[in-house]
Structures are given as structure tokens and as C-alpha cells.
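Peer 1: Sending over a structure as C-alpha cells; questions will come in a sec.
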Amino acid sequence: MDVSYFRDLFPLTLPIAKNGVIWNGRTDEFSNIIGGGFEYSQEFGLTPYAKTGVYGYLDGKPRVHNGHDFAGPLESDLVMPLEKGWITYVGYEAGGYGNFLFFETETKTINGDTIKMEFVLAHATKIIATANKWYKRGDVLAKMGSTGMSTGPHTHFGGRPLLIKNGVASWACGDANSRGYVDLTDFFITKPIYNKQLLINQRMKLIKKKGEKDVYALDPKGKACLLINFDTYRAGLDMGIWTSDIQEVTQLPEMGQIIILTNNN
Ligand SMILES: [Zn+2]
């Protein structure tokens, strides 16, 4: 089905708020108003984190990042982004979503088809909402965290359109590679501004392997790492990988600088 049916029926606000004010997706002005430091840190699709590595492939094909990541302070409010949403599932997944919840829209009928959408919010530090209950736009569902496969406090937000036939829901758009999830950019009433700088940020340390141009970024706990190839980074074509092969540690300079490590070239 055409994703525009869903976009028109289920407009979204961003799932992040503070003191009852929903974030408008702009890093500068609004972060200042609510004291945030919020960032749209990873888009939907073949993004740098999704392109390469263990996490980046599924059945031999590049696995798209099938949601949108928003970074911000730990314990920021994660809120219902729909006018009305039904919490279907609350759970924990150590190697993936961490603390997460799923919720759905109401069902609607269009051209004889019964449809709805399903959403996930992941990596929360704690879940506040309970399953099998309606919540309205802006209601606090969880608190932002870094549980599961995560390198820092952020929220993974994904959504997939569903078609219901004989009581059974199946993916209405997307594909196996994205597991039915779709790019929600056009669903957002106020479009968030993507911040590419967050690919490497000040929370991370850099590690370079001797004789190679690849650089690892290590999270504060020292476990999840990101690999950046400097040639592609300079060309604006960043690449990401998950690995634990670490050899040398160096402090990250200010954001926005090109980093050249000369010791072990
Ligand atoms: Zn994500």
C-alpha cells in the first residue's frame, strides 16, 4: 500500500518532551527553552551506523536503520506522539531494544482496507506506561536511557503500517530488510533537523588500529564501539560498525574537527 494513506491518517509529533512541552526537533532554540541538548542523531535508512558490520547486515544485504534516533539527556520524557495510542507491549531485550514498548493507532478503514500503525520506543532507562491502555498525545510513557544496544542516552523510534485481513495484521509497506518499518520523516508535523556531528560525540573516546585508517569510538562503559574510516569520514560518507577489537585509546578533540592520529600510521 502507498505509505501516504498512513501519513495522512496518523500524523506524529516527536516522542520527546520536557515539563509537558513537546520537542520541535530543532537543536538550538528549543533545546535552550527546555534546557535540553536534544539531537536528531540518526535517520531512517542506510545510515552510517547501519551500513557495515555485524549489526549492519541481514541475510547478506545491508540492513537499514529501521527507525529514527533522538539523543538527549538521560531520563528525558518519552511521550505519546499520536493523538491517541494503545500500548500493546512493554518489555526488555538485553542485546537490542533494552527497555522498550510498542503501541498502536486506532484501526481505520480506507478504500475497503482495514489498517493501523504500530510503533516502538526503545533503549529507555525505565518504562512508565502500562500495556493495554490508551494514552493521549504528550502523555509520558517512559524515560530516555541507554539500555540494550546503545552507546549513549537516546531513543530509537520506529513505526510500521499494518494491513488487517481476517483479524491478522501484516506489513502494509516497507520490506523484509526494514521489517515493515518505514521512514517517518513525512509523518512528523514538525520535521526534526538531523545532526550528523553526533556520529562521533564528546561522550566517546577514539581508538585507532596500528597501520589502519579505521578508528573505533568507545562508549563510556567501554563496550559498544563504532568504527569510522577516515577517508570516508572526510568525504562525508561515514561508516559504522559494532566491534570489540580495541588497541589504542585517544581522547576525542572538539566536535567538528577532523581528527588525524599520526602516532601509528
Ligand atoms: Zn536506532
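Peer 1: Is it fair to say Ala169 is surrounded by fewer than 23 Cβ atoms within 10 Å (Cβ to Cβ) and in a loop (DSSP other than H, G, I, E, B)?
Peer 2: For Ala169, the condition - surrounded by fewer than 23 Cβ atoms within 10 Å (Cβ to Cβ) and in a loop (DSSP other than H, G, I, E, B) - is not met.
Peer 1: Considering the stretch 153-168 alone, what residues qualify as being among the hydrophobic types (A, V, I, L, M, F, W, C) and free of Cβ contacts under 8 Å to residues at least 40 places away in the same chain?
Peer 2: Within the stretch 153-168, just Val168 meets the criteria.
Peer 1: Turning to a different aspect of this structure: As an exercise: evaluate Asn111 against (1) at pLDDT below 95; (2) under 15 Å from the mean Cα position of the chain (by Cα); (3) away from the ligand (no atom under 16 Å from the Cβ) and give the number of the one condition it does not meet.
Peer 2: In the conditions (1) at pLDDT below 95; (2) under 15 Å from the mean Cα position of the chain (by Cα); (3) away from the ligand (no atom under 16 Å from the Cβ), Asn111 misses (2) alone.
The values are calculated or read from the model by the stated rules, or taken from the named source; none is laboratory data. These numbers were taken from a predicted model, which means no experiment stands behind them. Note that each Cβ is placed from the backbone with ideal geometry, even for glycine, and that neighbours are counted across all protein chains shown.
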